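Before any comments, here is the structure.
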Amino acid sequence: MCGIVGIIGKTAVSRQIVESLRRLEYRGYDSAGIATLEGGVILRRRAPGKLNNLDAVLSERPLSGHVGIGHTRWATHGRPNEVNAHPHATTRVAVVHNGIIENFRELREEAAAKGARMESETDTEVVAHLVTQALEEGKSPKEAVAATLKRLRGAFALAFLFSGENDLLIGARRGPPLAVGYGEGEMFLGSDAIALAPLTNRISYLEEGDWVILTHAGAVFFDENDQPVQRAITLSQISGNLIDKGNYRHFMAKEIHEQPEVVSHTLSHYLDLTTGTIAPASLEAVDFKKLSRLAISACGTAFYAGLVGRYWFERYARLPVDIDIASEFRYREAPLDPGGLALMISQSGETADTLATLRYCRSAGLKIGAIVNVPSSTMARESDVIFKTHAGTEIGVASTKAFTCQLAALAALSLAAGKARGVIDPAEEHDLVKALMEVPRLMAETLKIEPQIERLAKSLAKASDVLYLGRGTSFPIALEGALKLKEISYIHAEGYAAGELKHGPIALIDETMPVVVVAPYDHLFEKTVSNMQEVAARGGRVILITDAQGAKEAGDVYASIIVPTAHSFISPLIYAIPIQLMAYHTAVVMGTDVDQPRSLAKSVTVE
Ligand code: G6P
């Protein structure tokens, strides 16, 4: 998604703006631009593609202004070319924008009727024209922005730079996040604290509907009714060295390898590791005993974590779960249980569809819980109960460590629910908590299979389609495996419940088709093996991910990847690793942009 940066500096700001934009690269983008004031005049530099292209333009035609705004654009309205790249500007104002202005067509017509000439296809440009027309009517920059904001429908974060105003930036937020950073005689705006980390750790977040006036002297906040408000300054913990990949070639590889540590960190917040029981805080967070249903909603990888969670809550807590993708949930008009609990799962805590579902569930009278990785996110702030994942900042667009931390939190919460509802007794609690406590060690052991997967990836990279199969909790892992592969290698992949094979996908199977089967040796293993044999009988190449006993029982397959034997409760956490490594190494063989795959965004802040 788009990234926003704004700086009122003491010296030339263009270099700092580009460096801050670099820290927002993880969000995904396809063009970039910057505007500063030179002698009070707005000058812009923009370029399609990655920031290096913008860098090249700036080397040829530098900008030396002390106040400026910058943007990385993830195209929604119009192609990622120079004309559509932000900032959009008139002679009076330049604007950068994250999100969507829903009523831009009617506003464009209206502005055009008053003489505005649009250059781009974007929904953003009209904002610059509306502000300009208000300035021409004699309004001040502050009044012009306040009047324009009232005309806009949709979800957006905006930053404005005004000609002739060397000591002014205005930011606004309705939907996507925007943060203000405080420096020494300098002020900053950024999509998040990561963008601002090398510049300052003193941050205030705009609340929903807020707008803010920045000058060298500081920040003045207004709420959605234009009333002055105070917003607290917090000290961000994010390190300025965040961009460091360590010894890894990609952030994704680093993040896959961090999993034993971050999962252990996450579990330690939900379990009492000394006594091997569920931590009292997990039990007290929600009155699980009173719940008659749980409604889970999320997008992408977080949704697959929720699917695994459904199996756990239903099995270990006998708690019925409604689950749907967030973009469908609120349109299903499902009868919801006022007084019940809705659980949102999100790495970023900003995904537009999940956030809209959160608000929908709240208006239906449900209590809101959120499993989020970013504690300062909108979802965290709008929830009654926050269940944090402690994955640390995830930079790779394709989620890996956040996924397994979501699984860890869901696993622990399902046990808390089971205990509170009297479904699991102390002996089972002990047994299951012990299994969870073994996850970090088993994950570390599982990572040792990497060289084998690296070799296998060479043949996987030649496939044009790959099928993933699994049963029970391995079914969502199969779905996640297919998602990971298609996201970063661009090879078409489908995940299926193994039992559905005969209802369609079997027609696709021939000797060119690799079929990845996720099958720990558990109570469902035999049934999955039958499906595997159906694949083999049609010449399909089975890549079996299993444990030692599974490999022994399965017979001949094209390749088997053997992971450590684990309690069936925790197998999704372990089997997530080989499917991540498989996607990662296949993408490396294919030579794709692993950390920033084409067209994908880390945090999807539009519906
Ligand atoms: C995007 C990302 C995915 C992520 C999904 C949900 O599609 O590319 O990796 O799973 O959004 O994001 P969230 O931040 O809500 O977990």
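Points to keep in mind about this one:
- Test result for residue 529, among the β-branched types (Val, Ile, Thr), farther than 20 Å from residue 305 by Cβ and out of contact with any Leu (no Cβ under 6 Å at 6 or more places or on another chain): yes
- Qualifying residue in the range 408-428 (condition: of a type in the set (Lys, Arg) and either over 30 Å from residue 531 (Cβ atoms) or open to solvent by less than 30 Å² (accessible area, probe 1.4 Å) (or both)): yes
- Here the range 313-359 is the region considered, the condition is being within 14 Å of residue 607 (Cα to Cα) and hydroxyl-bearing (Ser, Thr, Tyr), and the residue that is surrounded by the fewest Cβ atoms within 10 Å (Cβ to Cβ) is 331.
- Among residues of the range 329-350 being within 14 Å of the ligand (Cβ to nearest atom) and over 19 Å from residue 384 (Cβ atoms), the one that is modelled with the highest pLDDT is 347.
- For the residues 149, 130, 168, the requirement of being assigned by TED's automatic domain parsing to the domain that holds residue 96, open to solvent by 10 Å² or more (accessible area, probe 1.4 Å) and free of Cβ contacts under 8 Å to residues at least 24 places away in the same chain singles out 130.
- With respect to the conditions (1) touching a residue at least 40 places away in the same chain (Cβ under 8 Å); (2) under 28 Å from the mean Cα position of the chain (by Cα), residue 93 lacks only one, and its number is (2).
- Count of residues meeting criterion [touching a helix residue (DSSP H, G or I) at 6+ places or on another chain (Cβ under 6 Å) and of a type in the set (A, V, I, L, M, F, W, C)] in the range 59-91: 2
- Number of the exception - residue 301 against (1) out of contact with any strand residue (DSSP E or B) (no Cβ under 9 Å at 6 or more places or on another chain); (2) within 16 Å of the ligand (Cβ to nearest atom); (3) farther than 23 Å from residue 393 by Cα: (3)
- Residue list for the range 269-304, filter: in contact with a Cys (Cβ under 9 Å, 6 or more places away or on another chain) and either assigned to a helix (DSSP H, G or I) or surrounded by fewer than 17 Cβ atoms within 10 Å (Cβ to Cβ) (or both): none
- In the set (1) of a type outside the set (Gly, Ala, Ser); (2) open to solvent by 90 Å² or more (accessible area, probe 1.4 Å); (3) in a loop (DSSP other than H, G, I, E, B), the condition left unmet by residue 122 is number (2).
- Restricted to the range 2-119, the set of strands (runs of 3 or more DSSP E) holding at least 2 residues that are open to solvent by less than 10 Å² (accessible area, probe 1.4 Å) comprises 3-8, 31-38, 67-73, 93-101.
- Residue among 545, 506, 488 that is open to solvent by less than 60 Å² (accessible area, probe 1.4 Å), in a helix (DSSP H, G or I) and either under 27 Å from residue 399 (Cβ atoms) or touching a Pro at 6+ places or on another chain (Cβ under 6 Å) (or both): 488
The rows are residues; the columns are (1) open to solvent by 30 Å² or more (accessible area, probe 1.4 Å); (2) within 16 Å of the ligand (Cβ to nearest atom); (3) not in a loop (DSSP other than H, G, I, E, B).
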position: 560; (1), (2), (3): yes, no, yes
position: 565; (1), (2), (3): yes, no, no
position: 571; (1), (2), (3): no, no, yes
position: 574; (1), (2), (3): no, no, yes
position: 577; (1), (2), (3): no, no, yes
position: 584; (1), (2), (3): no, yes, yes
position: 594; (1), (2), (3): no, yes, no
position: 597; (1), (2), (3): no, yes, no
position: 601; (1), (2), (3): no, yes, no
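- Checking each residue in the range 360-376 for being within 9 Å of the ligand (Cβ to nearest atom) and either over 14 Å from the mean Cα position of the chain (by Cα) or open to solvent by 40 Å² or more (accessible area, probe 1.4 Å) (or both) picks out only 374.
The values are calculated or read from the model by the stated rules, or taken from the named source; none is laboratory data. Quick caveat, the model's predicted, so the values are computed rather than measured. With ideal geometry, Cβ positions are generated from the backbone for all residues, glycine too; neighbour counts draw on all protein chains shown. For accessibility, only protein heavy atoms count, side chains too; no ligands or nucleic acids. Shrake-Rupley method; radii C 1.70, N 1.55, O 1.52, S 1.80 Å.
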